[in-house]
Amino acid sequence: MDINKLDLNLLVTLDTLLVERNVTRAAQRLGISQPALSTRLTRLRDQLGDPLLLPSQRGMIPTEHALELQEPLHAALEGVRQVVLQNSR
């Protein structure tokens, strides 16, 4: 995967989906529509080559690959948040 072509917002979307495990709640948390979130999830699936989250009766179930990404992704995004907060003026 070419990291230069990856939209950081997609990673924020994945992080939120992995926490919420529900498309509607994740969309609300991100302040976007459910169809917009579904579009982002499709793009993530294409770029990462994995379904990432699968529908179930009680929300979404992460794939093994998504679970492997969850902690390092969250830590990386938290690092970005801290850099931005520390350098805000």
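The values are calculated or read from the model by the stated rules, or taken from the named source; none is laboratory data. Computed from a predicted structure; not experimentally measured. When we count neighbours, we look across all protein chains shown, and the Cβ atoms used for this are built from the backbone with ideal geometry, even at glycine. Heads up: the accessible areas ignore ligands, DNA and RNA and are worked out on the full protein's heavy atoms, side chains in. Shrake-Rupley method; radii C 1.70, N 1.55, O 1.52, S 1.80 Å.
Flag set for Arg29, criterion: at pLDDT 95 or above and of a type in the set (Lys, Arg).
Beta carbons closer than 6 Å, at least 6 apart along the sequence or on distinct chains, pair a first residue in the range 29-56 that is within 19 Å of Leu67 (Cα to Cα) and open to solvent by less than 50 Å² (accessible area, probe 1.4 Å) with a second that is in a loop (DSSP other than H, G, I, E, B) and not hydrophobic (A, V, I, L, M, F, W, C) for Asp50/Thr63; Leu52/Thr63. For Val84, the conditions (1) of a type in the set (A, V, I, L, M); (2) exposed (fewer than 12 other Cβ atoms within 10 Å of the Cβ); (3) assigned to a loop (DSSP other than H, G, I, E, B) all hold with the exception of (3). When the range 70-81 is limited to residues that are open to solvent by less than 50 Å² (accessible area, probe 1.4 Å) and among the aliphatic types (A, V, I, L, M), the one that is nearest to the chain's Cα centre (by Cα) turns out to be Leu73. The residue that is farthest from the chain's Cα centre (by Cα), among those in the range 13-63 that are farther than 20 Å from Ala75 by Cα and assigned to a strand (DSSP E or B), is Ser56.
Note on the range 1-26: residues that are at pLDDT below 95 and charged (D, E, K, R) amount to 3.
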